[in-house]
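What follows is a set of notes on a single structure, which appears directly below.
The values are calculated or read from the model by the stated rules, or taken from the named source; none is laboratory data. Only a predicted model underlies this, so the values are computations on that prediction, with no experimental measurement involved. Here the Cβ is made from the backbone with ideal geometry for all residues, glycine too, and neighbour counts use every protein chain on show. Surface accessibility is based on the protein's heavy atoms, side chains included, excluding ligands, DNA and RNA. Shrake-Rupley method; radii C 1.70, N 1.55, O 1.52, S 1.80 Å.
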Amino acid sequence: LAWKVLSSQLIDQAKILLVLDHLNAKDPSGAPYLKGIGFAVQSGDREGVLQFLVSLSSESNETFWRRNKAEVEEILMKWKEFPLFFWENAQRIPARTSERIRKFEGLSIKILKLISPSAIARMNEEQIVQFLGMVKENPDIFTNVSLLRAMLIAPSAPINELAAKYVKDENKFSAHWLLMLESNLPVSQQSALRYLETQVEAKDFSAKLLM
């Protein structure tokens with residue numbers, strides 16, 4: 001009953017933290033927090049899991065993470081809903097904890113599979129930061145043409161830069177330059193213009209202009 005009260009946030013958050021800090025002082029192994037997170041996951045209490053992650057983001061919990069990162073990863077990664085939970089709560093999870101979580105093995109791939117081309121245009125600031133990190137770690141994502149084209153016209157210059165660099169490095173302009181030119185986005189548009197400038201002497205340049 002006590003763990004249900006704590007993990008389900010049935011009392012004031014400040015009081016929950018006091019109880020957990022007290023338990024943690026008695027058992028500095030981190031077991032109280034692990035038990036709380038585990039109970040919240042088993043209960044399907046998304047808000048409870050979030051509050052535990054927020055609580056564990058303070059500098060005073062550095063020792064907990066050094067000792068228990070593997071255990072936290074095991075608990076959360078067994079939860080099928082965790083990739084979506086992490087993505088949807090990107091702005092609410094403090095950066096210190098978010099950076100640790102993003103390094104969980106296999107998490108980035110699972111999150112990228114959840115992101116549709118239309119979702120790229122709706123990302124908030126923290127999701128953009130997370131997305132950029134995940135794409136840099138998993139460059140194979142660029143082979144998904146629909147996602148690549150969405151990145152080229154996304155309302156985010158850093159995402160445009162990453163996609164435009166891939167198009168340039170892999171010489172994919174023939175398939176994407178017109179989309180980039182019509183995007184009216186500085187990064188993508190300028191990249192397409194520079195490509196066209198290199199094609200002036202090409203035999204099919206007039207055909208490109210007609211296009």
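Looking for something within 19 Å of Leu107 (Cα to Cα) and open to solvent by 30 Å² or more (accessible area, probe 1.4 Å) - is there at least one such residue anywhere in region 62-70? Within region 62-70 (the criterion being within 19 Å of Leu107 (Cα to Cα) and open to solvent by 30 Å² or more (accessible area, probe 1.4 Å)), the answer is yes, since at least one residue qualifies. Go through the residues of region 192-207 one by one and say whether even a single one is open to solvent by less than 100 Å² (accessible area, probe 1.4 Å), of a type in the set (A, V, I, L, M, F, W, C), free of Cβ contacts under 8 Å to residues at least 24 places away in the same chain and in a loop (DSSP other than H, G, I, E, B). Yes, there is a match, as at least one residue in region 192-207 is open to solvent by less than 100 Å² (accessible area, probe 1.4 Å), of a type in the set (A, V, I, L, M, F, W, C), free of Cβ contacts under 8 Å to residues at least 24 places away in the same chain and in a loop (DSSP other than H, G, I, E, B). Hey, does region 172-186 have a residue that's surrounded by fewer than 19 Cβ atoms within 10 Å (Cβ to Cβ), under 30 Å from Glu73 (Cα atoms) and not basic (Lys, Arg)? No, because not a single residue in region 172-186 is surrounded by fewer than 19 Cβ atoms within 10 Å (Cβ to Cβ), under 30 Å from Glu73 (Cα atoms) and not basic (Lys, Arg).
Evaluate region 23-46: report whether one residue or more is of a type outside the set (A, V, I, L, M), within 30 Å of Val145 (Cα to Cα) and assigned to a helix (DSSP H, G or I).
No; the residues of region 23-46 include none that is of a type outside the set (A, V, I, L, M), within 30 Å of Val145 (Cα to Cα) and assigned to a helix (DSSP H, G or I).
Taking region 91-105 as the search range and keeping residues that are more than 23 Å from Glu161 (Cβ to Cβ) and touching a helix residue (DSSP H, G or I) at 6+ places or on another chain (Cβ under 7 Å), which one is most open to solvent (accessible area, probe 1.4 Å)?
Taking region 91-105 as the starting set, the residues that turn out to be more than 23 Å from Glu161 (Cβ to Cβ) are 92-94, 96-97, 100-101, 103-105.
Retained after the next criterion (residues that are touching a helix residue (DSSP H, G or I) at 6+ places or on another chain (Cβ under 7 Å)): 92-94, 97, 100-101, 104.
Details: Arg92: 121, Ile93: 6, Pro94: 43, Thr97: 0, Arg100: 42, Ile101: 0, Phe104: 4 Å².
Step by step, filter region 91-105, then rank; the result is Arg92.
Looking only at region 47-89, residues that are at pLDDT 85 or above and in a loop (DSSP other than H, G, I, E, B) come to 7 in all.
To keep it simple, each residue is scored yes or no on (1) at pLDDT below 95; (2) under 19 Å from Ile115 (Cα atoms); (3) of a type outside the set (Asp, Glu).
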residue	(1), (2), (3)
Ser156	no, yes, yes
Lys165	no, no, yes
Asp169	no, no, no
Met180	no, no, yes
Ser191	no, no, yes
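Put simply, of Pro28, Pro32 the only residue that is in contact (Cβ under 8 Å) with a residue 12 or more places away in the chain, open to solvent by 50 Å² or more (accessible area, probe 1.4 Å) and more than 26 Å from the chain's Cα centre (by Cα) is Pro28. List the residue pairs whose Cβ atoms are under 8 Å apart, where the first residue sits in region 106-127 and is free of Cβ contacts under 8 Å to residues at least 40 places away in the same chain, the second is outside any helix (DSSP H, G or I) and surrounded by fewer than 16 Cβ atoms within 10 Å (Cβ to Cβ), and the two are 6 or more positions apart or on different chains. That search, which allows pairs on different chains as well, returns Ser108/Asn138; Ile109/Asn138; Leu112/Asn138; Ala121/Pro155; Asn124/Gln91; Glu125/Gln91; Glu126/Gln91.
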